[in-house]
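These notes are about the structure you will find just below.
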Amino acid sequence: MSLLAMQRDFRAWLSEVSDDAALRLGEAARPGLEVYHDNYRAALANCLAEVFERVHLWIGDERFRSTTAAHVDVTPPRGWTLDAYAADFPETLDLLFRDDPEIAELGWLDLALSEAFVGPDVGAIDPGQLSEVDWDRAVLRLSPTLATQVFRSNAAAIWSALSAAGTPPPAALLPEPATILVWRKGFTARFRTADPIEAKAIGLARSGANFGMICAAMVEQIGEEAVAATGQFLGHWLREGLVVGVD
């Protein structure tokens, strides 16, 4: 057997518990294969437990173990690093808990904050440079760690309570869907809820619209006071580190 064939059989055993692969590797290898398979599944489950701590706290040990086991059964690693394995878990949560949307949303928030923490570093913007900006044509460069998601439930409040070791509120649907922003400022990953007008402005900025276009779109939506509101948004984004440059 060539090394390549052996590696392929070993992978098939780990990911699929392939009896055919085990037979080709030899009966003498079977005890070792069992150990490797157990360690493989444990490593993947531990990766998920480390990233999705609030999901674990919310659904409890038994449900979390069964959910991670189901995920490992059908989702082999696709990246070169174990850190990438967590990326698909919120989709599994959504599939398994369709009647409990807060669970998948907690998963998204756990993952987004984890990814923001290890995201690209950016320098702080120099406020002194802003006086020379032509704001009608200025294009905002947003933090590369910024992620957004529309939540239907109060998962953000549940996440905050669990993180503070407090008693989380009962799961509930929001009166209206809300946009959650996740990003990192300095060494701290953070999140907050954006109001609908701000969420639309951020969406336009992320699409490459210049500041004049953003203001015009806001005027169409809420009237002349939108110019002042958009200016307030900009100031807030600069203070929070959401805007990292202006072109």
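Evaluating Arg192 against the criteria (1) part of a loop (DSSP other than H, G, I, E, B); (2) surrounded by fewer than 16 Cβ atoms within 10 Å (Cβ to Cβ) leaves one unmet condition, (1). Taking the range 115-147 as the range and being in a helix (DSSP H, G or I), in contact with a strand residue (DSSP E or B) (Cβ under 9 Å, 6 or more places away or on another chain) and within 18 Å of Phe233 (Cβ to Cβ) as the test, only Leu130 passes.
Might you check whether a residue that is within 18 Å of the chain's Cα centre (by Cα) and either of a type in the set (Lys, Arg) or closer than 24 Å to Gly123 by Cα (or both) occurs anywhere in the range 204-225? Scanning the range 204-225, I find at least one residue that is within 18 Å of the chain's Cα centre (by Cα) and either of a type in the set (Lys, Arg) or closer than 24 Å to Gly123 by Cα (or both), so the answer is yes.
Exactly one residue among Leu173, Leu146 is touching a residue at least 40 places away in the same chain (Cβ under 8 Å), among the aliphatic types (A, V, I, L, M) and surrounded by fewer than 17 Cβ atoms within 10 Å (Cβ to Cβ), and that residue is Leu173. One residue stands out among those in the range 55-91 that are at pLDDT below 90 and farther than 23 Å from Val118 by Cβ: the one that is surrounded by the most Cβ atoms within 10 Å (Cβ to Cβ), which is Asp73.
Against the criterion of being surrounded by 15 or more Cβ atoms within 10 Å (Cβ to Cβ), part of a strand (DSSP E or B) and of a type in the set (Ser, Thr, Tyr), Thr179 qualifies. The set of residues in the range 87-114 that are farther than 15 Å from Phe64 by Cα and outside any helix (DSSP H, G or I) comprises Arg98, Asp99.
Being under 13 Å from Trp135 (Cβ atoms) and assigned to a helix (DSSP H, G or I) is the filter here, so list the residues in the range 206-226 that pass it. Phe211, Gly212, Met213, Ile214, Cys215, Ala216, listed by residue number.
The values are calculated or read from the model by the stated rules, or taken from the named source; none is laboratory data. Note that the coordinates shown come from a computational prediction; the quantities given were computed from them, not determined experimentally. Cβ: placed from backbone, ideal geometry, glycine included. Neighbour counts: every protein chain shown.
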